[in-house]
Amino acid sequence: MTVKEAVRVLIAGGAYAGIAAALNLLDLCHARQARGSRVPATYTPIFVPVEIYIVDERDGYFHLIGTPLAFASKEYAPNVWVKFEDIPALNHPAVRWVQGNLKKIDSQDRQAVILDSKSNQEYNLRYDYFLAATGLRRAWPAVPVSLGRKEYVLETSAHVDTVQNAGHGVVVVGGGAVGVEIAGELKYTHPSTKVTLIHSRDTLLSSEPLPDDCKLAALQALRDLHVEVILNQRVLQIREIKDDQGKTGQELTLQDGSKVIAGHVMPAITKNVPATSYLPESVLDRDGMVKINSLLRFVDEGNDPYHLAAGDLVAWSGIKRCGRAQAMGARTAQNIYQHILSTRYNIQSTYTEYQPIAPVIALAVGNQAVVYDSKGTRCSEEQMEHFFGVDLGMQQFWDGLKLGESPNYRHSL
Ligand SMILES: Cc1cc2nc3c(=O)[nH]c(=O)nc-3n(C[C@H](O)[C@H](O)[C@H](O)COP(=O)(O)OP(=O)(O)OC[C@H]3O[C@@H](n4cnc5c(N)ncnc54)[C@H](O)[C@@H]3O)c2cc1C
C-alpha cells in the first residue's frame, strides 16, 4: 500500500451493523468524530484515504424490525425500505454499494467473490479489510422474500389484501419474538380480524433467556389486544379446505386432536441460520456463527486484524438485537481505523473492546412494548413510544445514524 493509495474496506451486509460501520468509518477517515461515539476522540484525528464498498443482496436498507407491521399495513411498508441511492448519508465519493451476493471470502489472499445481481456475473474484489455483517438467513414471514424495493412494496401490499380477505382469520404459528410481534401488529392494525397465535411450549418466548415475568407480560400484551393465544400445542398438520360458501381456508390439526380453521397461516417457526456460507469453515463455530474476540476480529489462527464481524452472525453473548448490531458495527469502524493508524502512520492505536452483554429486549406488541433490562420487566404504551416511537424505530435509526444528512466533507486523495 503506498501512502496515497486508498484503503479498501469491504462490508458485506448493508443493514444495522453494516451501515453503522460504513458511516462511522467514513467519519473517522475524514478526521471527524465518529457519529456512533459518545466520547470525544483522545487522539489527533488523521485523514485516511478510504474506499468503503458495501455489498448487499437487497437494493437498499430494510428496517427488519418493521417487518411485522410492513406485512399488516400498506401505508407503513414503503417507508421502511430505502434504496441505497436514496440514503443521503451514503452519498459520498468514498462510499460505493452494489446489489449482489457475496459468494466467497479468501481470507489468505484478501479477495472476495461477488455475484452482481444486475449482470448476474461473478467478479473478484481485493480488499484490505473485510467486515462480515450479513446477519441471519431468515425465512418468510420474518423477512420479505423480495430483494428489491419495488417487488417488496408489491409483496407486502398483496399480503395485506390476503389478511383482509382471510374470512376465518389469521393463525400465526410460533410464539417466539417474531411470532409475538407479527400477531400483535396484525391484530392492532386489523382489529376486526380474528388473530390466533399457537405455540408448542407453555410460555411464549420460550427459547429466549428471559425471566418468566417478561414472557408473561408478552402474553398479557397479546391478550390485551384480543389475540387468541393457544399454548402447549404443536401443529401436526395443515390442509387446505373449502368452506360452505366455497371459500378456501386452512385447517390446522393440533396435537390434542383439536382443529383450528384459518383464512391465512403465517409460520413463524423456522430456525434462523447465520448467513456465513461464504466464509472459511475454520472461522465458524459449530452453528455457523463467526468466532470473534472482544475487538470483533475473527479468531481463526489467532487475532486477524483484517477480518472483523458484527451483528447477528457473531458468536457472542446477548439477545440478537439491532442496537447490539449497530454498536458492534460502530466499534468495528473504530478498530479498523485504529489499525490503519498504527500500520500506516505508526500511531499508537487505542482499540475499543466489545464487552459481554446480558440479555435485554424491547418487544413491540401492538400499542405496547414489553421491555426487559437491568431495571426488570415492564410493559406499557409509554415504553412503546420510548423504544420504538411511532414507526417501530425507523425514525430513531434514521436520525441516530444521520442517514438523512449528506456528508459535507470532501477530501481529495
Ligand atoms: C420480525 C423481526 C422483528 C424484530 N424486532 C426487533 C426489535 O423489536 N428490536 C430489536 O432490537 N431487534 C429486533 N429484531 C432483530 C434485529 O432485526 C436484528 O438483530 C438485526 O437486524 C441484526 O442486524 P444485522 O445488521 O446483524 O443483520 P440484518 O439486519 O439481518 O442485515 C443483514 C444484511 O445482510 C444482507 N446479506 C445477507 N447475506 C448476504 C450475502 N451473502 N451477500 C450480500 N448480502 C447479504 C441482507 O440482505 C441484509 O441486508 C427483529 C428481527 C425480526 C426478524
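Here are some notes:
- Scope the stretch 195-214; condition buried (at least 19 other Cβ atoms within 10 Å of the Cβ) and closer than 27 Å to Lys259 by Cβ; matching residues: Val195, Thr196, Leu197, Ile198, His199, Leu204, Leu205
- Some residue of the stretch 273-292 being away from the ligand (no atom under 14 Å from the Cβ), at pLDDT 95 or above and either more than 25 Å from Asp109 (Cα to Cα) or not assigned by TED's automatic domain parsing to the domain that holds Gly393 (or both): yes
- Screening the stretch 395-413 for residues that are exposed (fewer than 11 other Cβ atoms within 10 Å of the Cβ) and not charged (D, E, K, R) and picking the one that is farthest from Ala362 (Cα to Cα) gives Ser412.
- Taken over the stretch 206-240, the criterion of being over 20 Å from Leu254 (Cβ atoms) and touching a residue at least 40 places away in the same chain (Cβ under 8 Å) is satisfied by Glu208, Pro209, Leu210, Pro211, Asp213, Cys214, Ala217, Ala218, Gln220, Ala221, Asp224, Leu225.
- Residue ID - farthest from the ligand (Cβ to nearest atom), chosen from residues in the stretch 46-76 that are hydrophobic (A, V, I, L, M, F, W, C) and part of a loop (DSSP other than H, G, I, E, B): Ile46
- Set Leu308, Leu392: member being under 29 Å from Pro280 (Cα atoms) and not in a helix (DSSP H, G or I): Leu308
- Residues that are more than 12 Å from the ligand (Cβ to nearest atom), assigned to a loop (DSSP other than H, G, I, E, B) and either without any contact (Cβ under 8 Å) to a residue 60 or more places away in the chain or over 23 Å from Pro274 (Cα atoms) (or both) within the stretch 118-144 comprise Lys118, Ser119, Asn120, Gln121, Asp128, listed in sequence order.
- Only strands (runs of 3 or more DSSP E) whose full extent lies in the stretch 149-249 are considered here, and the ones with at least 1 residues that are among the β-branched types (Val, Ile, Thr) and touching a Lys or Arg at 6+ places or on another chain (Cβ under 7 Å) are 195-198, 228-230.
- On inspection, Gly14 passes the criterion of being part of a loop (DSSP other than H, G, I, E, B), surrounded by 22 or more Cβ atoms within 10 Å (Cβ to Cβ) and at pLDDT 95 or above.
- Criterion (away from the ligand (no atom under 16 Å from the Cβ) and touching a residue at least 40 places away in the same chain (Cβ under 8 Å)) met by exactly one of Ile361, Ile319, Ile336, Ile357: Ile336
- Evaluating Ala369 against the criteria (1) closer than 24 Å to Asp213 by Cα; (2) assigned to a helix (DSSP H, G or I) leaves one unmet condition, (2).
- Exactly one residue out of Leu341, Leu363, Leu392 is surrounded by 17 or more Cβ atoms within 10 Å (Cβ to Cβ) and at positive phi: that is Leu392.
The values are calculated or read from the model by the stated rules, or taken from the named source; none is laboratory data. Quick caveat, the model's predicted, so the values are computed rather than measured. Cβ coordinates were reconstructed from backbone atoms using ideal geometry, including for glycine residues, and neighbour counts include every protein chain displayed.
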